[in-house]
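Encoded as structure tokens, the structure appears first; notes follow it.
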Amino acid sequence: MSAVLPPFGVAPLTIRNLRAPAALVDGLPHHAADSRSGLVTFDVTIRDGRFHAPTSSEREWDAQGRLALPGFIDMHVHLDKAFTSERTGFSDNGLASAVELAMADAPNRTVEDIVARMDRALVRAEQHGTVALRTHLDTFEEPDTSPAWIAFGEIQSAWKHRLTLQAVALMALFRVEHDDFDRRCAQIAKRDGVLGAFIGPGSATPERIDRLFLAAARHGLDLDLHVDETTDASADGLSLVVETALRHKFAGRIVAGHCCALAQKHEPEAQALIAGIAEAGIHVVALPLTNGFLQDRKPGRTPRLRGLAPVTELRAAGVNVAFASDNVQDAFYPYSDFDMLDVMRQAQFLGQLEGDPAGWATACNAGPAAAMGLDGAGMIRAGGPADAILFEATSWTDLFSRTNTARTVLRNGKPLGIETAEAAGIERRRA
């Protein structure tokens, strides 16, 4: 297989013999999917920055069976905490310890500090082929005065022509009882944000979850929740969310992140709850890196539990499942680099998903696109933007066996040129 890049340029280019998961190719003629790999072979023409059905062209390139994936969509990250592990250290004693380390660092997170680290994160994500991200922002203060939200506003404006960015207000669930909660929700809505909450063991009550849903409905907000991030099978946050969503007939999108405890429940209870998740139309995002690192973690002891939501059972019930990076080089997870290929690889391993790699590939593009309301994104689609990643690999084994798999990232049909916010001359706007 030649490593020569195709002759990209202004004129149309037809690429022959690409391979991609069948579920991620739309409106382009292709051969039948290979029964073992789930991959289809197809040709495509890139013209005016978009994908089109193949046409005869003087400029053609034979991809020789290279794998292609749509641009990644990383729907659960924490840009405000990324790249702080040199300051915080990292937890050797589970989630609670990570929270303490992160909270101790919170005073260091000035607007300037957060902008610089967010920009670094987005450069890395873009370079690896991500086209959209959703970040949770620690919302200790109201958004109008929150350094994280002020920094995000600057970054979102600076990157608006490069990445699609969404933000979630991450707050402790008890804040729904505070007098300023309605004002917080109004400020989130003003910023086109998403209402979030950390729903940990012991914090969920029917009254609190009810208040959360009522506030979201009142302000027209979607919900994206940290739920049952624990291996304690008695955790009941997710069941309360499902019951409340069904009772309210909630019209907005609901995302439940983590859901680790669901994997520890007795089978009949777990299956009943999974059926409720499907009925309520709740999207689930599993976080293999951070949850694999933190769950069941104690010093001097080998972990017994994986900490991953039961993604196979969820998908079998019709639930839309996504994977995401979550924490990157912070107190919760000291590694990673906003590379969704790494997330895909670890999810395959931890979830034992290697039997259907093509089916699970959708959890990193089309699946999160649906959860984020990005209609039509996350696909290699005729008429859609030519945003994709071409890998120097012709099989799933090739792709997942090498940690440094070479790739060409296409944005609007051209190989990506990396520019940092600093190089682009972005000026900080001080609140």
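A simple charge model with +1 on the Cβ of Lys and Arg, -1 on the Cβ of Asp and Glu and nothing else charged puts the dipole of the range 18-166 at about 540 debye relative to its Cα centre.
Extending 7 Å from Cα along the Cβ direction at E279 and again at L246 yields two label points whose distance is 0.3 nm. Comparing F51, F349, F323 in a Gaussian network model of the chain where C-alpha atoms under 10 Å apart are linked, the largest mean-square fluctuation is found at F349. Taking the dipole about the Cα centre of the chain, with the C-beta of Lys and Arg at +1 and of Asp and Glu at -1, give me whichever of I277, L225, S325 is farthest to the positive side. Selected residue: S325. For the chain, the longest principal axis of the alpha carbon atoms and the long axis of helix 340-351 meet at an angle near 70°. Considering only F338, H136, V99, and ranking their Cα positions along the charge dipole of the range 72-372 that arises from unit charges at the beta-carbon of Lys, Arg, Asp and Glu, the one farthest toward the positive end is F338.
The H on the amide N of N365, modeled in the peptide plane, is under 5 Å from the matching H of I73, each at least 5 residues off or on a different chain. Only Cα pairs under 8 Å and at least 6 apart count here; give the relative contact order of the range 72-372 as a rounded whole percent. Answer for the range 72-372 is 23 percent. Helix 94-105 axis versus longest C-alpha principal axis of the chain: approximately 90°, rounded to the nearest ten. Between the listed residues A148, Q348, S56, the Cα displaced farthest toward the positive end of the dipole of the chain, a dipole computed from Cβ unit charges relative to the Cα centre, is found at S56. Only helices enter the 222 nm calculation for the chain: every DSSP H run of n ≥ 4 contributes -39,500 (n - 2.57), and dividing by all residues gives -9500 deg cm²/dmol, rounded to 500. Packing, taken as the mean count of other beta carbons within 10 Å per residue, orders the peptides 376-383, 302-309, 251-258 from highest to lowest as 251-258, 376-383, 302-309. Placing +1 on each Lys and Arg Cβ and -1 on each Asp and Glu Cβ, with no other charges, gives the chain a dipole about its Cα centre of roughly 660 debye. Against the chain, whose longest principal axis comes from its Cα atoms, helix 181-190 is set at around 20 degrees. The stretch between H178 and E141 holds 12.1 nm of extra length on full extension. This uses 0.36 nm per residue minus the Cα-Cα distance. Summing Lys and Arg as +1 and Asp and Glu as -1 over all other residues whose Cβ lies under 13 Å from the Cβ of T408 gives a net charge of +2. Of interest is the spacing of the C-alpha centroids, which for the range 126-182 and the range 290-356 amounts to 23 Å.
Counted residue by residue at 0.36 nm each, then reduced by the alpha carbon distance between them, the extension gain from E267 to R191 reaches 23.2 nm.
Readers should treat all values here as calculations from the given coordinates under stated rules, not as data from a laboratory. As the structure is a computational prediction, the values presented were derived from the model and not from experiment. Note that each Cβ is placed from the backbone with ideal geometry, even for glycine, and that neighbours are counted across all protein chains shown.
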